[in-house]
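Where a number appears in this text, it was derived from the coordinates with a stated rule and is not lab data. Note that the coordinates shown come from a computational prediction; the quantities given were computed from them, not determined experimentally. In this analysis, Cβ positions are derived from the backbone assuming ideal geometry, glycine residues included, and neighbour counts consider all displayed protein chains.
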Amino acid sequence: MIVIELQDATRVYKIGEMETHALRGVNLTIEDGEFTALVGPSGSGKTTALQLMGCLDRPTSGRVLLQGEDVTKLSANKRADLRRGTIGFVFQFFALIPGLSAYENIELPLLLSGANGKQRKARVAELLEAVGLSERAKHRPDQMSGGEQQRVAVARALATEPILILADEPTANLDTENGRQVMEIMLRLNEETGTTFVCATHDPRVIPFARRVVELRDGKVADDKQYEGDTR
Amino acid sequence: MFIFRLWRIAVRDLGRNRRRSALTLIAVMMGLALVITLHGFEMGAIQGSIQNNIRVQTGHVQVRGESYDEDKVSLKWEDLLEDPLALAAQAQTLAEVRAAAPVLWAGGILVTVEESVGVRVFGIDPPSEMAAPYREGLVAGEFLAPDDRGGVLIGQRLAKSLGLTVGDDVSLLINTSGEQPDEATFRIRGLYDTGIPGFDEATIFLPLAKAQAFTRVGERASAVVVLLHDQEDADTVAAALGAPGLDVMTWRDLNQLMVEGMNAAMGFLYMIYLIVLAVVAVVVANTLLMSVFERTREMGILASLGMKGRQIMAMFLMESATLGAIGVFLGVLLGSLGVYYLATEGLYLGDMSASVASADIAYGETMYAAFQWSDTAVLAVVCWIIMLLASLYPAWFATRKEPIDALRAL
């Protein structure tokens, strides 16, 4: 089943008179359960493609289909509704809410989606266990290492059991060991839960984890390769 | 629950930049405390001067002749009460009445060797309770005796300004019921001080009998002044004393001019309150706007999690509401302390009081504040609402950013 599809998607940013073409007609289809790496040099359009897939932004032209439904022209509120419970995000800078503990950060999307107390408690405990941070539940972001924060971010992205997780440079600010841990957790969760992962990255350490590597260059898909099994 | 969590995020955000939150809190607290203290003081001044006026001038209820003209201090027989003693006796029979006594008012000029000043002459019944404030305020010499035919009681301030003292003789030129004024010499028996400079500087006392004879009004009086146990009974007593040919007025009527004047002054004061609270609002809006700028990234994260603009707005409003509630609480506390201090210790105005007051506005030398729960509650709520209104713009501004723009701050 196709989870997300970009059809001839373009994205043009206008700054004053100047136009920047971030995407120039991208056609990309992500199937259910895939673990895809979106690679390419800086400015190739990786983050833009991810933002269109995550309904954080709208294409200048072309279409975005989420599970076959055209979401291109949805309002900001409708897109927020769609993100909640359907799409999870992992960002480069961990992106946790500074005032909340690890537990509370993971709980936040569950609160937004209206889960009751019991459901939230069970799900957060399960996720903390899955990312190996049960002992750190009460710690706030500033009391955790970068790797731990990114694991909390992964757990938070998975909280509402979304069909799609979009990770933007998830290892860029982590050392080798922490980067590997985070990627292993994501891959394991992909295999165990069947959640679809798309990672935008230019970190060569990430590529071996992916089962599919899509290369973007100058806002276009330059290459698209499938791999069987672990290439690490 | 979700609202609670939003609120929790908001509260923790306040703790993130403690110094800024504390400074905002101080601004709210000081602003509101200032407004509450000012208001308490003004209300105290109004109530105090009304009570002073009741005590030394108007009483709670006055019975006058229907045609009596207060402005002219009329002494014409037809304007005066024919049988004031009977009226006073009638008033005394009412359970609500503490005391009732006739009084005769006349305009006069006090003449010394060096100068002359216009005065109001009060013909009073010296032993009556009505005269108690003057009797208790005696600071030198003796009080008047009812049958004293040559004595006068003058205010200490007036005596001082004219260089007079107890035992000195003064000449008093007085209006009479006839066409021609009369003049006689009186000896100063005593000096009084009621604590109300405006009154003391312009009023002298004669025994009622002497004043009646001097002004040639017979047994008549300008009014019967009635004091009550409880001032709220004024309307009941006024109704009981009403009769054809009489004009019965309560302390509310008698102090109306003063209350109206003070209400006008209150209008000005409300402007000051508004300015103070507006300054506080600007501080709050500025703090919150800075907070919004600093947390652009956080808003992007929340938006990516599916939080809607109005929920982000609610979060910022809660932040402001919380800061406002704490500030308002502390402001009420500090303001109440200010009012309490001014209510017990008072603010000594001394001669300044005389300069701002007239004989009709009985400002005391020391003015005391009066604490009023209802007004304080209104001011607190208004301050809180103004804070919320001030935070609307920053909160709205926070929702204006597209998620991707907010995330670009990552």
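Miscellaneous remarks
- Two-decimal log10 I(q)/I(0) for chain A, as the Debye equation yields it once each C-alpha is a single scatterer, q = 0.07, 0.09, 0.10, 0.18 Å⁻¹: -0.21, -0.36, -0.44, -1.37
- Cβ-derived FRET efficiency at R0 35 Å, residue B:264 paired with residue B:165, nearest 0.05: 0.30
- Aspartates and glutamates whose Cα lies under 14 Å from that of residue A:138, excluding same-chain neighbours fewer than 8 positions away: A:104, A:107, A:129, A:148
- Put the Cα centre of the range B:39-98 next to the Cα centre of the range A:161-232 and the gap is 94 Å.
- With an a/c value of 1.5 or above and a/b larger than b/c for the gyration tensor axes a ≥ b ≥ c computed over the alpha-carbon atoms, chain B is described as prolate.
- Among B:98, A:136, sorting on how many other beta-carbon atoms sit within 10 Å of each Cβ, with the fewest leading, yields B:98, A:136.
- Degrees between helix A:117-130 axis and first principal axis of chain A (Cα, 0 to 90, nearest 10): 80 degrees
- Inter-centroid distance (Cα atoms) of the range B:233-299 relative to the range B:125-194, Å: 40 Å
- In this structure, the pairs whose alpha-carbon distance is over 18 Å, taken from A:220/B:401; A:46/A:225; B:308/B:401; A:121/B:308; A:78/B:308; A:46/A:220, are A:220/B:401; A:121/B:308.
- Taken over the Cα atoms of the protein assembly as shown, the convex hull encloses 227 Å³ per residue.
- Length released on extending from residue B:348 to residue B:213, taking residue separation times 0.36 nm less the Cα-Cα span: 44.6 nm
- Estimated distance in nm for a label pair at residue A:116 and residue A:27, the labels positioned 7 Å out from Cα along Cα-to-Cβ: 4.9 nm
- Mean projected area (nm²) of the alpha-carbon convex hull when the range B:67-244 is viewed from all directions: 10.2 nm²
- Using a cutoff of 8 angstrom between alpha carbon atoms and counting only pairs six or more residues apart, the relative contact order for chain A works out to 29 percent.
- Ordered by the number of other Cβ atoms lying within 10 Å of each residue's own Cβ, fewest first, B:76, B:308 fall into the sequence B:76, B:308.
- Bins of 10 Å from zero: percent of alpha-carbon pairs in the range A:36-98: 18, 49, 30, 3
- Taking other residues whose beta carbon is less than 12 angstrom from the beta carbon of residue A:185, and scoring Lys, Arg as +1 and Asp, Glu as -1, yields -2.
- Taken as Cα centroids, the range B:4-28 and the range A:101-118 sit 22 Å apart, rounded to the nearest whole angstrom.
- Three-way shape call for the range B:371-410 based on the alpha-carbon gyration tensor, with the a/c threshold at 1.5: prolate
- Restricting the GluC sites (Glu not before Pro) of the range A:16-48 to loop positions (DSSP other than H, G, I, E, B) with no more than 15 neighbouring Cβ atoms within 10 Å leaves A:17.
- Neighbour-limited loop hits for trypsin sites (Lys or Arg not before Pro), the range B:133-191 (at most 15 other Cβ within 10 Å; DSSP other than H, G, I, E, B): B:149
- Cα-based helix-to-principal-axis angle, B:373-400 vs chain B, degrees rounded to 10: 30 degrees
- Positive-end residue, chain B charge dipole about Cα centroid, Cβ charges, pick of B:167, B:152, B:25: B:25
- Additional length obtainable on full extension of the chain from residue B:145 to residue B:252, 0.36 nm per residue less Cα span: 35.3 nm
- Fluctuation leader among B:332, B:279, B:35 - chain B, Gaussian network, Cα springs under 10 angstrom: B:279
- The label-point distance for residue B:51 and residue B:274, in a model that sets each label 7 Å from Cα toward Cβ, rounds to 3.1 nm.
- Calculated FRET efficiency for the pair residue B:366/residue A:139, C-beta based, R₀ 56 Å, to 0.05: 0.40
- Low-density loop positions, GluC sites (Glu not before Pro), the range B:84-123 - DSSP coil, at most 15 other Cβ in 10 Å: B:114, B:115
- A Förster radius of 41 Å, combined with the Cβ-Cβ distance separating residue B:114 from residue B:69, puts the computed FRET efficiency at roughly 0.80.
- Taken over the range A:73-193, the convex hull of the Cα atoms encloses 106 Å³ per residue.
- Just checking the listed ones, A:157, A:76, A:167: in the Gaussian network model of chain A with Cα springs under 10 Å, the one fluctuating most is A:76.
- Cα shape, the range A:130-214, gyration tensor, a/c 1.5 rule: oblate
- Inter-probe distance in nm under a simple model that places probes 7 Å from Cα toward Cβ, at residue B:180 and residue A:75: 9.5 nm
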